[in-house]
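The values are calculated or read from the model by the stated rules, or taken from the named source; none is laboratory data. All values derive from a computational prediction rather than experimental measurement. Note that we place each Cβ from the backbone using ideal geometry, even for glycine, and neighbour counts take in every protein chain shown. Ligands, DNA and RNA are stripped out before the accessible areas are found, and what is left, the full protein with its side chains, is counted by its heavy atoms. Shrake-Rupley method; radii C 1.70, N 1.55, O 1.52, S 1.80 Å.
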Amino acid sequence: MVRVTNIDTKGRFIAFEGGEGTGKSTQTRLLAEALRKHGKLAEISREPGGTTGAEAIRELLLHPPGDGWNPRSEALLFAAARADHVARLIRPALDKGIWVICDRFVDSSRAYQGGAGGLGDDAIRALHQFGSEGMRPDCTILLEVDEARLRQRLSERDGGASDAIGGRSEEYHRAVAQSFRRLADDDPDGFRIVDGTGKPEEVHARIIAALAPLIGEA
Ligand code: TYD
């Protein structure tokens, strides 16, 4: 039988989304560890990146040569990196029954380039349809942390140093957060909104509770 989606495989695809400093990387790691303890095969990955080619594109995006990218070029580069990641890492892993836990996926492009960047959701979805056949995670966890706490975390983590996108204005990042919330509200089946405040273990427990049906059924 030819598999056309990940629906009939045992691997599940979970994406973490949210602004910078919301704890996605830590929670990606903690979830993979918990799944392994549950006896599942689990791999972590990230975007932009995850494959050799996509990591090279990541470098171009976060540390752009020359004057940087215009919004359309930026969106195309994210979509190109994602197409490679989906084809070479995500789909093959899911087909082998491996859970893929990813730090960011297409909803980052929808919130950053589509929402805050002004390209609109239709354009980003069209790029994703072409690049990755519109692939969606089985569940997207949106981590939310209020602005004041985020500012504090980011100054502790990055000490003022940031990349080409992280370093954009407060208005841009506010628009990103609002876009994420809108996407999640519009798709309650696809998203779980999780409060990212508190200790990592506390947030992790909320995530496990949110994913319990998915973890239980596989
Ligand atoms: P990264 O350091 O991985 O993010 P974080 O600061 O959350 O740990 O950097 C990735 C940056 O790229 C981040 O600023 C979000 C941005 N981004 C987009 O603008 N669009 C996308 O599609 C993706 C995947 C990331």
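Would you mention how many residues in the stretch 209-218 are of a type in the set (V, I, T) and open to solvent by 60 Å² or more (accessible area, probe 1.4 Å)? Spell out the reasoning first.
Initial filter on the stretch 209-218 (of a type in the set (V, I, T)): 215.
Right, trim to open to solvent by 60 Å² or more (accessible area, probe 1.4 Å) and you get none.
The total comes to 0.
Within the stretch 79-115, work out how many residues are open to solvent by less than 30 Å² (accessible area, probe 1.4 Å) and either of a type in the set (G, A, S) or out of contact with any helix residue (DSSP H, G or I) (no Cβ under 9 Å at 6 or more places or on another chain) (or both).
10
Does the stretch 18-64 hold any residues that are assigned to a strand (DSSP E or B), closer than 20 Å to A111 by Cα and more than 9 Å from the ligand (Cβ to nearest atom), and which are they?
The first filter runs over the stretch 18-64 and keeps only residues assigned to a strand (DSSP E or B), leaving 42-46.
After this cut, where a residue has to be closer than 20 Å to A111 by Cα as well, the list is 45-46.
Passing the criteria: only S45.
In the stretch 130-161, what count of residues is obtained for those that are touching a Lys or Arg at 6+ places or on another chain (Cβ under 9 Å), open to solvent by 30 Å² or more (accessible area, probe 1.4 Å) and over 30 Å from A87 (Cβ atoms)?
Number of matching residues: 2.
Name the residues in the stretch 175-189 that are open to solvent by 80 Å² or more (accessible area, probe 1.4 Å) and polar (S, T, N, Q), would you?
Within the stretch 175-189, Q178 is the sole residue that qualifies.
Kindly check whether there is at least one residue in the stretch 140-156 that is among the β-branched types (V, I, T), closer than 29 Å to E33 by Cβ, out of contact with any Gly (no Cβ under 8 Å at 6 or more places or on another chain) and away from the ligand (no atom under 12 Å from the Cβ).
So far as the stretch 140-156 goes, yes, one or more of its residues are among the β-branched types (V, I, T), closer than 29 Å to E33 by Cβ, out of contact with any Gly (no Cβ under 8 Å at 6 or more places or on another chain) and away from the ligand (no atom under 12 Å from the Cβ).
I need a count of the residues in the stretch 184-202 that are of a type in the set (D, E) and closer than 25 Å to R151 by Cβ.
Residues that pass the stated criteria total 4.
Can you give me the number of residues within the stretch 190-208 that are surrounded by 14 or more Cβ atoms within 10 Å (Cβ to Cβ), of a type outside the set (A, V, I, L, M, F, W, C) and touching a residue at least 60 places away in the same chain (Cβ under 8 Å)?
The number of residues fulfilling the criteria is 2.
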